[in-house]
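Worksheet for the structure shown next.
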Amino acid sequence: MSAQLIDGKKIARDIQQDIAKKVAAMTQQGNPTPGLAVILIGDNPASQIYVAHKQKACEQVGFYSEKIMLSHDTKEEKLLSIIDDLNKNPKIHGILVQLPLPAHINNQTIIERISPLKDVDGFHPYNLGRLAQGNPVLRPCTPYGCLKLIESTDIILKGKDAVIVGSSMIVGRPMALELLIAKCTVTVCHSQTQHLADKIKKADILIVGTGKPELIKGAWIKEGAVVIDVGINRLADGSLKGDVEFETAKERASFITPVPGGVGPMTIAMLLSNTLQAATLNKGLFE
Ligand code: GUN
């Protein structure tokens with residue numbers, strides 16, 4: 001079997017075009033333009049690229065956007081006060097603080113300071129709690145994007161064995177909650193998991209987000225599995241590799257995401273979708 005590629009770039013483009021149409025219609029009717037604020041602290045090159053992509057996408061769909069660049073040594077208090085202002089700002093419907101943060105800033109304190117109504121990352125305990133209750137509001141972008149990619153294959157999720165590799169707050173944990181809502185039987189593997197290969201061999205649906213290039217060997221993939229690779233790793237020779245050994249995995253899977261062009265564009269599309277949702281749900285609340 002040679003897998004069909006899941007074209008995340010195209011699926012994301014379709015979602016963005018739909019959002020752009022909705023933005024044009026809502027602003028024509030006199031509604032406020034959806035606004036996103038992105039905060040970047042320090043000079044992590046990967047974060048700089050992600051933030052630039054997010055801003056460009058905002059422009060493409062007609063959002064208002066603000067980019068707030070802070071130096072690496074910014075004090076936590078300063079960041080909190082910026083978030084307080086953005087929470088009150090009527091032009092801003094979504095706030096995103098790009099992670100990772102410098103070590104002197106407490107992630108949890110920052111995440112909890114963002115109003116849950118403007119938490120377009122879906123990381124606030126309110127939004128993660130709603131997801132855990134099976135009643136999500138703003139959903140973490142990468143897992144939500146992965147779910148859309150799986151749904152694009154038209155496979156039936158109900159009753160399938162899903163295996164997730166990686167238990168981060170950004171990907172693995174919320175992914176497990178999404179797939180539970182979809183009625184999969186979910187296994188979450190992490191750095192202490194024993195017999196990883198045996199678990200992966202049972203996966204009808206495999207989602208990998210570990211940041212370890214080609215950790216998952218093609219030979220471990222179950223025949224016909226759907227493989228979603230969240231990893232994007234730059235090797236010393238400059239090439240990009242996923243967390244899954246693509247060439248061999250594609251001979252066993254039924255569907256697989258490429259790296260790049262799979263999950264990456266979907267994270268941005270779902271961020272735009274969340275911002276539009278926040279602007280619609282909370283219309284007029286901050287004026
Ligand atoms: N860093 C890597 N992925 C993400 C994400 O989805 N949101 C934020 N805020 N930071 C990230």
When you check HIS195 against the structure, is it touching a Ser or Thr at 6+ places or on another chain (Cβ under 6 Å), more than 30 Å from LYS91 (Cβ to Cβ) and surrounded by fewer than 18 Cβ atoms within 10 Å (Cβ to Cβ), yes or no? no
With (1) closer than 20 Å to LEU272 by Cβ; (2) within 15 Å of the ligand (Cβ to nearest atom); (3) among the polar types (S, T, N, Q); (4) part of a helix (DSSP H, G or I) as the list, and THR27 as the residue in question, which single condition is left unmet? (2)
Going by the structure shown, is SER167 under 21 Å from PRO100 (Cβ atoms), touching a His at 6+ places or on another chain (Cβ under 6 Å), at pLDDT 95 or above and small (Gly, Ala, Ser)? yes
Among the candidates LYS56, LYS21, single out the residue that is surrounded by fewer than 13 Cβ atoms within 10 Å (Cβ to Cβ), basic (Lys, Arg) and under 22 Å from the mean Cα position of the chain (by Cα). LYS56
Go through region 218-242 residue by residue and tally those that are over 16 Å from VAL263 (Cα atoms) and surrounded by 14 or more Cβ atoms within 10 Å (Cβ to Cβ). 5
Do you know which residues across region 75-92 are away from the ligand (no atom under 16 Å from the Cβ) and touching a strand residue (DSSP E or B) at 6+ places or on another chain (Cβ under 6 Å)? LYS91
Could you list, in sequence order, all residues of region 231-268 that are within 16 Å of the ligand (Cβ to nearest atom), assigned to a helix (DSSP H, G or I) and in contact with a Lys or Arg (Cβ under 8 Å, 6 or more places away or on another chain)? PRO265, MET266, ILE268
Looking only at region 124-145, decide whether some residue is within 25 Å of ALA52 (Cβ to Cβ), away from the ligand (no atom under 15 Å from the Cβ), in contact (Cβ under 8 Å) with a residue 12 or more places away in the chain and part of a helix (DSSP H, G or I). no
In region 146-163, what residues are in contact (Cβ under 8 Å) with a residue 24 or more places away in the chain, more than 16 Å from the ligand (Cβ to nearest atom) and not basic (Lys, Arg)? ILE150, SER152, THR153, ILE155, LEU157, GLY159, ASP161, ALA162, VAL163
Is it the case that some residue within region 51-72 is among the hydrophobic types (A, V, I, L, M, F, W, C) and modelled with pLDDT under 95? no
Give the residues of region 15-34 that are free of Cβ contacts under 8 Å to residues at least 24 places away in the same chain and within 16 Å of LYS56 (Cα to Cα), sorted by residue number. GLN17
Among (1) farther than 22 Å from GLY42 by Cβ; (2) of a type outside the set (A, V, I, L, M); (3) in contact with a Leu (Cβ under 9 Å, 6 or more places away or on another chain), there is one condition PRO125 misses while meeting the rest; what is its number? (3)
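The values are calculated or read from the model by the stated rules, or taken from the named source; none is laboratory data. None of the values given here were measured: they were computed from a predicted structure. Heads up, the Cβs are rebuilt from the backbone with ideal geometry, glycines too, and the neighbour counts pull from every protein chain shown.
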